[in-house]
Each structure stands twice: as C-alpha cells, then as structure tokens.
Amino acid sequence: MPCDGIHLQISLGTACPCTARRLGGIVTFESEQVFEAMALDGLTREAARKWLERVVREELERIDRRNRAQSDSRETGYARTNAAEDRALGHALRLLARDGISADLGEVERAEIVADGVPAQDLPKIDNYL
C-alpha cells in the first residue's frame, strides 16, 4: 500500500555523533505526535517543523545545562583541578609502565616531565600517585 507521506527536514544542530543519535531518537519519538496532529488536527507543515525544531533546541539546552552542572562546582577551578589530577596520574602510570614497581620520581624523571611541559608545582602530585 503506497504511503502518501509528508517529509520534514530539520537540523539537529550538532556535529557530535553521540548527541545526534540521542536527538534522532527524541525527534523520531516526537514526530509521531507531530504527524498525528498534522493528519487529525490540520497542523501545518511549517508549524510541525517549528515544533520539532523546538524539541531539538530544548534538548540541546538540557544537554548543555547537564554538561555545565557536571563540570561546575562551588570550588573555583574544579574542572581544571580534575584535569591536572588526571594528567599527574597519567605521568605516574607512564613511569610505572616504563620502570615497573621500582619507578621513582628522581631528578632525571623530574627533568623529563618538566621538559614535557608539566609545571614543577605538579611534581608532588605525580610523586604522590607513585
């Protein structure tokens, strides 16, 4: 049986594949109501497009708020602190992988790490992880 379908095209407003997949599912679900409103209530094509664009915009705003909430904290610089800790752990793990259980943050290792651009004030963090 041929389908006399209506096609609507909207932008998901993202280049992130993960976000696009999430939005695609949400838009697909919401489009069921949109097409029903078009068929039964006479919703215009332009109104349907605006409805779906609003759905996308609201979900992108929710994603943005969630991302900010995850990175924000009452502590100033929380995200930067976490990143510095992650980098320090990474350097410690590389030393352990290279030198085994006898890994030590001696003068040679300190010079190597500082030469890689790590600030000297981060060296105690690396030593702590070792």
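The values are calculated or read from the model by the stated rules, or taken from the named source; none is laboratory data. As the structure is a prediction and not an experimental result, all values here were calculated from the model. Using ideal geometry, Cβ is built from the backbone for each residue, glycine included, and neighbour counts are taken over all protein chains shown. Surface areas here come from the heavy atoms of the whole protein model, side chains and all, with no ligands, DNA or RNA. Shrake-Rupley method; radii C 1.70, N 1.55, O 1.52, S 1.80 Å.
Only residues that are part of a helix (DSSP H, G or I), open to solvent by 90 Å² or more (accessible area, probe 1.4 Å) and not acidic (Asp, Glu): list them for region 7-40, please.
21, 22, 29, 33, 40
Residue 109: open to solvent by 30 Å² or more (accessible area, probe 1.4 Å) and either assigned to a helix (DSSP H, G or I) or at pLDDT 85 or above (or both), yes or no?
Judged against the criteria, residue 109 is a match.
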Problem - Qualifying residue in region 73-95 (condition: polar (S, T, N, Q), modelled with pLDDT under 90 and loosely packed, with under 11 Cβ neighbours inside 10 Å) - result: yes
Practice task
Search region 5-17 for residues that are under 18 Å from residue 32 (Cβ atoms) and pair each with any residue that is surrounded by 11 or more Cβ atoms within 10 Å (Cβ to Cβ) and among the aromatic types (Phe, Trp, Tyr) when their beta-carbon atoms are under 9 Å apart and the residues are at least 6 apart or on different chains.
Solution key: 5/35; 6/35; 8/35
Problem - Residue ID - farthest from residue 83 (Cα to Cα), chosen from residues in region 112-129 that are of a type in the set (A, V, I, L, M, F, W, C) and open to solvent by 60 Å² or more (accessible area, probe 1.4 Å) - result: 115
Practice task
Please state which of the following conditions residue 56 fails to meet, knowing it meets all the rest: (1) open to solvent by 30 Å² or more (accessible area, probe 1.4 Å); (2) at pLDDT 85 or above; (3) not in a loop (DSSP other than H, G, I, E, B).
Solution key: (1)
Handout entry: Filter result for residue 100 (surrounded by fewer than 11 Cβ atoms within 10 Å (Cβ to Cβ), among the small types (Gly, Ala, Ser), modelled with pLDDT under 80 and more than 30 Å from residue 9 (Cβ to Cβ))
Key = no
